[in-house]
1. Using the C-alpha gyration tensor of the chain, what are the square roots of 5 times its eigenvalues, in whole angstrom, with the largest one first?
2. Which peptide among 249-257, 194-202, 54-62 comes first, and what is the full order, when sorted by highest mean count of other Cβ atoms within 10 Å?
3. Could you state the orientation-averaged shadow area of the convex hull built on the Cα atoms of the range 160-243, in nm² to one decimal?
4. Taking the simple approach of a point 7 Å from Cα along Cα-to-Cβ for both Lys81 and Ser206, what is their distance in nm?
5. Under a cut-off of 21 Å between alpha-carbon atoms, report the lysines in cross-link reach of Lys201, not counting same-chain residues fewer than 8 places apart.
6. Working only with C-alpha atoms, what are the Rg and Dmax values of the range 120-192, expressed in angstrom?
7. Got a sec to turn the phi values of the range 21-36 into Karplus ³J(HN,Hα) couplings, 6.51 cos²θ - 1.76 cosθ + 1.60 with θ = phi - 60°, whole Hz, x for Gly and Pro?
8. Ratio of the range 80-144's C-alpha Rg to 2.2 N^0.38 Å, to two decimals?
Amino acid sequence: RGDKMAAAGSATRRVGFVGAGRMAGAIAQGLIRAGKVEAQHIVASAPTDRNLCHFQALGCQTTHSNQEVLQSCLLVIFATKPHILPAVVAEVAPVVTAEHILVSVAAGVSLSTLEELLPPNTRVLRVLPNLPCVVQEGAIVMARGRHVGSSETKLLQHLLEACGRCEEVPEAYVDIHTGLSGSGVAFVCAFSEALAEGAVKMGMPSSLAHRIAAQTLLGTAKMLLHEGQHPAQLRSDVCTPGGTTIYGLHALEQGGLRAATMSAVEAATCRARELSRK
């Protein structure tokens with residue numbers, strides 16, 4: 001299997017997508033832009049041409065047959081809506097072989113559910129990306145099924161790093177990732193908007209304030225990742241005794257920013273778990 005994985009890891013690697021929505025398109029674009037896979041080696045399927053046109057524009061092959069994707073690619077990413085996924089997996093199961101590596105990006109569909117629908121010993125992984133994959137700055141977690149070894153995991157991680165930061169986690173963390181990073185994009189947008197509106201209140205033009213707020217978030221995130229420091233460390237570096245920042249932080253504490261943010265991640269995670277059980 002190791003030799004086969006090495007062969008699959010060569011330049012002629014083909015990647016299939018079942019489902020051609022926004023997330024599938026973002027991953028495909030990342031793979032092509034990073035030079036990990038050539039556009040003509042990507043095959044995507046969807047019931048209509050509505051989304052396939054985006055893949056065609058990238059130079060990928062397209063089809064309306066899900067089975068055809070599995071017949072031409074050994075690494076296949078399932079990017080359908082979660083409620084459709086079980087039916088799609090059952091439909092392609094007859095053409096799944098021991099050579100396939102199947103990857104689900106659907107939230108809420110467990111590895112055990114997928115493994116039950118597929119032939120015994122099928123290699124299945126769950127991957128949960130978030131929307132910034134569109135700009136190759138996604139936060140992605142992946143969890144491996146029972147029959148997946150570390151070589152397959154490394155291959156997938158190598159590919160997905162074209163779309164951002166990719167970490168392997170136990171499946172139990174996937175719903176937490178939904179709350180932290182999937183929904184977190186919206187929480188960060190709410191904060192960015194509020195930062196900018198504070199500047200507008202003080203007399204800065206709106207479009208300028210929004211650009212500077214977004215750049216402040218980007219720069220801070222880069223510092224946290226590159227320096228590997230705890231946010232509290234960076235925060236105290238910015239805080240001079242009796243200065244502007246500590247006055248602002250006091251106002252944030254009075255507004256309950258931390259408790260509200262922790263509650264938001266908790267609420268989104270609980271909802272993700274609830275949806276997973278349905």
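Every read-out reported here was derived from the displayed coordinates using simple, explicitly stated rules and does not represent laboratory data. Nothing here was measured: the structure is a model prediction, and the numbers come from that model. Note that each Cβ is placed from the backbone with ideal geometry, even for glycine, and that neighbours are counted across all protein chains shown.
1. 39, 20, 18
2. For the peptides 249-257, 194-202, 54-62, the packing ranking is 54-62, 194-202, 249-257.
3. Working: hull surface 30.9 nm².
The orientation-averaged projected area of the Cα hull of the range 160-243 comes to 7.7 nm².
4. Distance between the two pseudo-spin positions: 3.3 nm.
5. none
6. 13.2, 48
7. Running phi through 6.51 cos²θ - 1.76 cosθ + 1.60 with θ = phi - 60° gives x, 4, 5, 4, x, 5, 5, 4, 4, x, 4, 6, 4, 7, x, 7 Hz.
8. Ratio of Rg to 2.2 N^0.38 Å for the range 80-144: 1.17.
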